[in-house]
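Engineer: Structure provided below as C-alpha cells; questions to follow.
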Amino acid sequence: MPGIFITVDGPGGAGKTTLLPLLGAALAEQGERVHLTREPSSGPLGRLAREHTAAFHGPALACLVTADRFHHLAEEIEPALAAGQVVLCDRYVPSSYVLQVLDGVPLQYVRQLNASARRPDLAIILTAAPHILEMRLAERGVHSRFEHRGSSAPEADLYAEHAGFLTTDGFPLYHVDTGEFSPQAAVHAITCHVRALLSRTPQV
Ligand SMILES: Nc1ncnc2c1ncn2[C@@H]1O[C@H](COP(=O)(O)OP(=O)(O)OP(=O)(O)O)[C@@H](O)[C@H]1O
Ligand SMILES: Cc1cn([C@H]2C[C@H](O)[C@@H](COP(=O)(O)O)O2)c(=O)[nH]c1=O
C-alpha cells in the first residue's frame, strides 16, 4: 500500500515540535511505519535556509525554502511514501503561505511557486490564542526572526485568513487548537482523525 503524507503547520509556539514525536509514537504503537521529517529539511538547501533565515528575506527565502521542498520531496518524502510509510512533516507549504507573506512576498507568487508540490493527505494546522503563543515563546525562547515580532497575532491570523486558499489549492485542512488541549489530548484527536483517513477504524 502507498504511504500517507501528513503535514503539521501553525504559528510559532503552537506545538508542532512537541506534538510530532508524540503523534509518531502513537501511530507506531498502532502498527504504522512512521517517518518523521521537517522543513526546512536536513538536506543542503534546508540547512542553508535554516542557518540563514536571518539573512535571507522576501523572494530569496521564498525560493530557497521552495527549492528545498522539491529536493526534500524527491530525496526523502516520495521514497518513504513509496515504501508504504506514514510521513509526518513538521512545516510544509502552509507555512510558506503565511511566513513568506509576512515577509512581504505576494500570496499569488507563493501559490505559484508551490503549485506543483505534492499535496498532503492531511494538512494539520495547529493554533492557539495569540496570548498563549506569546507566553509559550517567552518561556521557550524564539527560534527565528519571524518570532521576534512581539505579537503572535499577525501570524495566527494569516493561518486563518489563508485557510480558504489552502483548501482551494488542494490541502485537506484539519485544525487543532492546542490552547484548548494538552499535547496528549491533541495527539489523541489527531490520531483518531488519521485512523479514519486510513479507513481502518471508524472516526470517534
Ligand atoms: N498542547 C500544549 N499545551 C501546553 N503547552 C504546549 C502544548 N503544545 C506545546 N506546548 C509548549 O509550548 C512550547 C512551544 O511548543 P513547540 O516548540 O512544540 O512549538 P512549535 O510550534 O514547534 O514552535 P516553532 O514554530 O517555534 O518551532 C513548548 O514549551 C511546549 O512545551
Ligand atoms: C517551511 C518553511 C520554513 N521557513 C522558515 C521559518 C523559520 O525561520 C524556519 C523554521 O524554523 P522552526 O523552528 O520550524 O520555526 O524556516 C519559512 O520561512 N518558510 C517555510 O515555508
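Each value in this text was obtained by applying a stated rule to the coordinates, not by laboratory testing. Predicted, not measured: the structure shown is a model, and the values here were computed from it. Here the Cβ positions follow ideal geometry from the backbone for every residue, glycine too, while neighbour counts run over all protein chains shown.
Engineer: Express in whole angstrom the spacing between the alpha-carbon centres of segment 33-62 and segment 69-136.
Structural biologist: Distance between centres, Cα-based: 11 Å.
Engineer: Another one. Can you tell me how the chain classifies by the Cα gyration tensor, rounded, prolate or oblate, using a/c under 1.5 as the rounded cut?
Structural biologist: oblate
Engineer: Right, next: Which of rounded, prolate or oblate describes segment 1-62 when judged by the alpha-carbon gyration tensor and an a/c cut-off of 1.5?
Structural biologist: Prolate, because a/c is 1.5 or more and a/b exceeds b/c.
Engineer: Using DSSP to call loops (not H, G, I, E or B), can you name the chymotrypsin sites (Phe, Trp or Tyr not before Pro) in segment 140-178 whose Cβ has at most 15 other Cβ atoms within 10 angstrom?
Structural biologist: Loop-located and lightly packed - none at all.
Engineer: Same structure, new question: Report, by chain and number, residues whose modeled amide H sits under 5 Å from the one on H35, excluding near sequence neighbours (fewer than 5 apart, same chain).
Structural biologist: Result for H35 returns V86, V87, L88.
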